[in-house]
Structure formats: C-alpha cells, structure tokens
Amino acid sequence: MALLSTEALVLRGYKLGETSKLVVLLTRDRGKVRAVARGARGARSRYQSSLEPLSEVRATLYGRQGAELLRLGQAELLHSAFRAGTRSLEAALLLSGCAELLDAFCPEGETEERTYRLAQAVVRAAEQGASPEMLGRYVEAWLLRLHGLYPSLGLCAGCAGPLPAGRLAYHRPAHGFVCAGCGPASGPELSPATRALLGEFFRRAPETFSGPSGPEARELEAFHRDRIGEHLERELHSPRVIRETRREAAR
Ligand SMILES: [Zn+2]
C-alpha cells in the first residue's frame, strides 16, 4: 500500500545505477523527501518528462514511515516547468537555481506550505514572462524571510528603534541593519532604491515584476549571496553558472 499520495515539485534528479534516478521532491504534505524512481532513465520510462526540475506532479510514494529513502510509484504531471524554461536561457537558469535553493533551504520531512506556494508562483511568473533576474532576487528574498533570516527593514538590529528613511546599513556582527547611533556599520549598504524594491518584493506577486531589472537587482544579488552563504556555510553552484553565462553573453 502507498505511504502517501501528494502534490510535489521536483527539485533534483541524480542518476542511480543503470536506468534509475534518485529524485528529490518538495511535497506539499510531507516537505522534502528523497525517492528512487526505478527505470526513470530507460527508453520506455513511465515518467517521461515529469521529473524535470520544478515540474509539479502528483506523486505516489511507497516505503516505511520515517524511512530516509522512499520509492516513487506514479508521478502524474500536473504542471510542467517546460514552458517557463523554454522562454530564454536566463529563465532556464532561474528554474535550476530556484530548485537548488529550495533543496538547500528546505529540511527533510518538514511541511512548508508557504515555501511550496512561493515556488509554484515563481514558475508561473516565469511562464508569464516576468524578468528572470528579478524573480531570482524575489525568490531569494522570500526564502530568507520565510526561514526567519531576512533582517528587519524597519527596526535597528542594535537598539530595536525605528530605522531612518534612506539607505540601509548592514552590520555583520548584529546580523541586521543598524541606525547611526549603533554604527559604524560593517556594510554593505543598500541604496534607497534597493530598499524600496525589497519593500515591493514583500508586497507584490512575482508575476508583476515584468520590467527590466536595474542596478538594485545587482545590489541585492551580492547582498543575498552573502546572507545565503552565511546560512548554508557554502556557496551554491547555480549563481556562479548564471554569472558566468552573463559574462559570456556580454562578450
Ligand atoms: Zn540602533
């Protein structure tokens, strides 16, 4: 008998043996799980394209309660990430980066409904043509926030007083933005425009970010990379690939 049947987003797949795959799924009901998809790489695989990163499936999972590794039965495709991924190279890189981030942030076996909905919304926004660069910063900001890691934009991390309008000064030892009285801050600083963009990220749906990205997105890229690196204590692979691709394209 199946252990559970749940909606799930595919995060990653690794080759396993001759024809199988080890897949990492973010399930709606049980958080992140690992499962073996037997025969997933065979020519007549029943999974076909349903195991692509960020595709959404209805997964039937078998195994013991609490087992570290489950077995994937059916994976009925509910929503393919294919259409989003074929819009541009940047959109394809966004999806793989997003899947890597979700895998890194989500602990196994803990349900995260809001994270699940965030990922769904970002795939649909990419499909509708929102800016991949803005979506990348958007998903980073929200993942940090949902995991309690985004510093307050309104209160000083030193004295808990309100932060004045204008630039935000980050102070590493305080893990947050500080007022002038609690400074001098170690940096980096975020410009007033970047601060305003962050406010928009936390207020608006991802598909509304359709315009071109400006210097604010670049400022946030570096800021988020540091915060994510501090949390995970390592650098992720995808952001480096995206930077290299951008350099290559600029030649
Ligand atoms: Zn202060």
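List of remarks:
- Scanning the stretch 198-221 for residues that are in contact (Cβ under 8 Å) with a residue 60 or more places away in the chain, open to solvent by less than 40 Å² (accessible area, probe 1.4 Å), of a type outside the set (D, E, K, R) and part of a helix (DSSP H, G or I) turns up 201, 206, 217, 220.
- When the stretch 14-44 is limited to residues that are in a loop (DSSP other than H, G, I, E, B) and in contact with a strand residue (DSSP E or B) (Cβ under 8 Å, 6 or more places away or on another chain), the one that is modelled with the highest pLDDT turns out to be 28.
- Meets criteria (in contact with a Pro (Cβ under 9 Å, 6 or more places away or on another chain) and within 16 Å of the ligand (Cβ to nearest atom)) for residue 155: yes
- Qualifying residue in the stretch 46-55 (condition: of a type in the set (Lys, Arg), touching a residue at least 40 places away in the same chain (Cβ under 8 Å) and surrounded by fewer than 18 Cβ atoms within 10 Å (Cβ to Cβ)): no
- Cβ-Cβ under 6 Å pairs, at least 6 apart or on other chains, the stretch 173-191 side on the phi < 0 side of the Ramachandran plot and open to solvent by 70 Å² or more (accessible area, probe 1.4 Å), far side within 15 Å of the ligand (Cβ to nearest atom) and not in a loop (DSSP other than H, G, I, E, B): 189/169
- Per-region count, the stretch 158-181, residues part of a loop (DSSP other than H, G, I, E, B), near the ligand (Cβ under 8 Å from one of its atoms) and over 19 Å from residue 223 (Cα atoms): 4
- Residue check for residue 224: surrounded by fewer than 19 Cβ atoms within 10 Å (Cβ to Cβ) and touching a residue at least 60 places away in the same chain (Cβ under 8 Å): no
- The set of residues in the stretch 142-162 being open to solvent by less than 10 Å² (accessible area, probe 1.4 Å) and within 9 Å of the chain's Cα centre (by Cα) consists of 143 alone.
- Residue satisfying all of: in the stretch 82-119; in contact (Cβ under 8 Å) with a residue 60 or more places away in the chain and among the small types (Gly, Ala, Ser); surrounded by the fewest Cβ atoms within 10 Å (Cβ to Cβ) among these: 109
The values are calculated or read from the model by the stated rules, or taken from the named source; none is laboratory data. Note that the structure is predicted; figures quoted are calculated from it, not measured. All Cβ positions, glycine included, derive from the backbone under ideal geometry; neighbour counts span all protein chains shown. The area values use the complete protein model at the heavy-atom level, side chains included, leaving out ligands, DNA and RNA. Shrake-Rupley method; radii C 1.70, N 1.55, O 1.52, S 1.80 Å.
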